[in-house]
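See below for the structure under consideration.
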Amino acid sequence: MATPTPQTAPAGGLRERKKQRTRDALIRAALELFTEQGYEATTVDEIAEAVDVSQRTYFRYFANKEDVAFAVQEMVEARFMAELTARPATEAPLTALRSAVMVAWDDIGSAIESVIPVELHMRSYQMIESTPALMAVHLRRSSELEEQIARLIARREGLDVDTDPRPRVLVAAFCGVMRVAGKIWGEGPDCTVASIRELTQSYLDHMAPAIDDDWRPAR
């Protein structure tokens with residue numbers, strides 16, 4: 001009887017996993033170098049060398065240094081957008097936004113950890129906030145994301161975002177709260193996902209009271 005030939009995984013699957021490992025390694029190496037010696041001082045050659053690949057290989061995955069600096073943040077944002085898109089149509093806009101971000105944080109930690117330690121993600125966030133060139137990109141990306149979210153909320157509600165200001169106003173307030181929570185988290189001593197999730201929930205809890213016209217305690 002002939003010996004059975006071992007079953008192997010499809011070549012495409014193996015290639016994709018290898019490509020993903022290379023991409024993840026480049027992200028980790030880049031963020032470690034950026035946070036240790038500075039974004040401007042780090043070259044693409046240094047990042048490629050840290051992963052033992054060529055500069056040409058690096059550019060197969062990222063167009064420039066900016067792309068790799070925001071790679072994990074882009075993953076987090078994509079996870080949030082997927083959750084928001086999946087929220088029930090019956091939910092009110094703010095409820096949908098809040099639910100989407102809280103559900104996303106429930107499992108985004110493991111997704112981040114599959115690429116880089118959460119502690120490195122926090123240091124990268126601080127690095128972006130303190131690097132003028134990256135901060136300008138961060139603000140541009142945030143503005144673009146807010147517009148995407150506002151248009152998604154408008155579609156959910158059957159509104160025209162260009163004639164009804166409510167989606168953009170609500171999203172601006174929501175994203176402002178998220179930025180404050182992220183800034184406080186980045187400056188704090190606890191770099192865990194549980195910490196930013198709790199901080200996010202607390203700040204969202206204060207969103208409605210903060211908008212209230214009267215902040216003075218009752219007499």
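The values are calculated or read from the model by the stated rules, or taken from the named source; none is laboratory data. Remember, it's a predicted structure, so these values are computed and weren't measured experimentally. Note that each Cβ is placed from the backbone with ideal geometry, even for glycine, and that neighbours are counted across all protein chains shown. We work out accessible area using only protein heavy atoms, side chains counted, and drop any ligands, DNA or RNA first. Shrake-Rupley method; radii C 1.70, N 1.55, O 1.52, S 1.80 Å.
Between the stretch 102-152 and the stretch 7-66, how far is it from one alpha carbon centroid to the other, in angstrom?
Using only Cα atoms, the two centres lie 19 Å from each other.
Residue-wise, which Karplus ³J(HN,Hα) couplings in Hz belong to the stretch 145-160, taking 6.51 cos²θ - 1.76 cosθ + 1.60, θ = phi - 60°, and x for glycine or proline?
Result, rounded to whole Hz: 5, 4, 5, 4, 5, 4, 5, 5, 4, 4, 5, 4, 8, x, 10, 9.
Taking Cα centroids, how far is the stretch 79-99 from the stretch 154-193 in Å?
12 Å
Note the full-extension length gain between Ser114 and Glu157 as 0.36 nm times their separation in residues minus their Cα-Cα distance, in nm to one decimal.
On the way: separation 43, 0.36 × 43 = 15.48 nm, distance 3.57 nm.
Taking Ser114 through Glu157 to full extension adds about 11.9 nm, to one decimal.
Can you run phi through the Karplus equation (6.51, -1.76, 1.60; θ = phi - 60°) for the stretch 128-140 and list ³J(HN,Hα) in whole Hz, with x for Gly and Pro?
4, 5, 9, 10, x, 4, 6, 5, 5, 5, 4, 5, 5
Between Glu198 and Met102, what is the spin-label point distance in nm, taking each point 7 Å from the Cα along the Cα→C-beta axis?
The answer from the label model is 1.6 nm.
Using only protein heavy atoms and a 1.4 Å probe, report how much of Tyr61 is accessible, in Å² to the nearest 10.
Counting only protein heavy atoms, Tyr61 exposes about 60 Å² to solvent.
Along Cα→Cβ, 7 Å out, is where each label goes; now give me the distance between the ones at Gln126 and Ala41 in nm to one decimal.
Taking the two extended label points, one gets 1.6 nm.
What does the charge count around Leu170 come to, taking other residues whose C-beta lies under 12 Å from its C-beta (Lys +1, Arg +1, Asp -1, Glu -1)?
Local net charge: +1.
Using R₀ = 30 Å, calculate the FRET efficiency as 1/(1 + (r/R₀)^6) where r is the Cβ-Cβ separation of Lys18 and Arg141; round to 0.05.
0.55
Calculate one ³J(HN,Hα) per residue across the stretch 165-182 by plugging θ = phi - 60° into the Karplus curve 6.51 cos²θ - 1.76 cosθ + 1.60, and present them in order as whole Hz with x for glycine and proline.
With the stated coefficients, the stretch 165-182 comes to x, 4, x, 5, 5, 4, 5, 4, 5, 4, 5, x, 4, 5, 5, 4, 4, x Hz.
Tally Lys/Arg at +1 and Asp/Glu at -1 over every other residue whose Cβ is under 14 Å from the Cβ of Ala133; what's the total?
-1
Pairs of Cα atoms under 8 Å, at least six residues apart: use those to get the relative contact order of the chain, whole percent.
17 percent
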